[in-house]
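Read through the structure below, which is laid out as structure tokens, and then see the notes.
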Amino acid sequence: MVSSLKKILQFINNKQINYIVIGNGSNLIGSDADCDGVVLDLRRCGSEIHHDGAVFTVGAAVSLLTLARFSAERGYGGLSKLCGIPGQFGGVVTMNAGALGQEICTYVQELHGILAGHDWSWRPEPADWGYRHCRLPSGVVLTSVVLKLKEVVPEEENKLILSELRRRADVTPKGRSAGSVFRNPPGEFAGALLEQCGCKGLSVGNLHVSERHANWIVKEGEEPGHASDCRLLVEEMRRRVQERFGVLLENEWHWVNLRQNLLHELH
Ligand SMILES: Cc1cc2nc3c(=O)[nH]c(=O)nc-3n(C[C@H](O)[C@H](O)[C@H](O)COP(=O)(O)OP(=O)(O)OC[C@H]3O[C@@H](n4cnc5c(N)ncnc54)[C@H](O)[C@@H]3O)c2cc1C
């Protein structure tokens, strides 16, 4: 699978075609416009897990929950606080996914991927990670991640995993979403600012700001949502917070826009 991906990326690179990579798509808002390029859907590209003691090499398509369960059975873990995040490792690393004060960067030792059609490897330093961010070179496609996990007692780790999945099911608003709309600004919670601005319940089309969580947009019904409605709603939320608190909120999720993903950035 990875060798086919490399051939595709070599072709794309030679032809100067725009592209975007999709992991599980849980942090992406699609586009209403036609795509001017290639969408690489990596949901099934790289689902292997190998380990040598505490060091695990996982394919980019492995989900956090799969690794948490697999490693717990073998006496390794520490991922229970992250296990309910619905991403797979390519996206999880790109976004430096985190929850409850923990981030995936704590465990990552090495990254492997393809850049401009060639094999690429990197050992990120602490300074290469930020809040929901990894300083990856533009255009890299991750294929596997090496992590060092902690020793754990399997039964205890499995209990922690289960309890975190239950906690999430209780607190996560129901309906399709892309997770938190905005990053937390330094020293603040975006959800609290949005709530104070009366954002809960705002809606455009079939998209609504959740009544449970003001930093969460959910889509209702079976009809697809529109990116244009989503932008209007997001801009209204941002405007309210900026007017009242002078804080400019930044989107946490990514908007799919192939025209911004120009391949010349790779060279
Ligand atoms: C219900 C819900 C709850 C969530 N809770 C949390 C939470 O608690 N904490 C948190 O941090 N996030 C949370 N998220 C957001 C999201 O799940 C994470 O950001 C996750 O890490 C994204 O993984 P993904 O595979 O879905 O990535 P995608 O959404 O597919 O992609 C995200 C970014 O990574 C890039 N990417 C994906 N795969 C690769 C690859 N192989 N190589 C290079 N680039 C790649 C994409 O191009 C895109 O820029 C939540 C989302 C939802 C819907």
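The values are calculated or read from the model by the stated rules, or taken from the named source; none is laboratory data. All values derive from a computational prediction rather than experimental measurement. So basically every Cβ, Gly included, is an ideal-geometry build from the backbone, and we count neighbours across all protein chains shown. Side chains are part of the model used for accessible areas, which takes the heavy atoms of the whole protein and leaves out ligands, DNA and RNA. Shrake-Rupley method; radii C 1.70, N 1.55, O 1.52, S 1.80 Å.
When the chain is fully extended, how far beyond the present Cα-Cα distance does residue 165 get from residue 15, taking 0.36 nm per residue of separation? Extending this stretch completely gives an extra 49.6 nm.
Here the spin labels are modelled as points 7 Å beyond Cα on the Cα-Cβ line, and at residue 1 and residue 74 they lie 1.7 nm apart. Here the contact order of the chain, divided by its residue count and restricted to Cα pairs under 8 Å and six or more residues apart, works out to 23 percent. Once you order the gyration tensor axes a ≥ b ≥ c over the Cα atoms, which shape class does the chain get: rounded for a/c under 1.5, otherwise prolate or oblate by comparing a/b with b/c? It comes out oblate by the Cα gyration axes. In the context of the full set of protein chains, residues of the chain present 52 Å² of accessible surface per residue (probe radius 1.4 Å, heavy atoms only). Nonpolar atom fraction for the chain, defined as the carbon and sulfur part of the 1.4 Å probe accessible area, stands at 50 percent. Most tightly packed first, judged by the mean number of other beta-carbon atoms within 10 Å of their residues, the peptides 200-207, 245-252 read 200-207, 245-252. Look at the dipole of region 85-141 built from charges on Cβ: of 117, 88, 99, the Cα furthest out on the positive end belongs to 99.
Candidate cross-link partners of residue 219 among the lysines, defined by an alpha-carbon separation under 20 Å and a same-chain spacing of 8 or more, comprise 174, 200.
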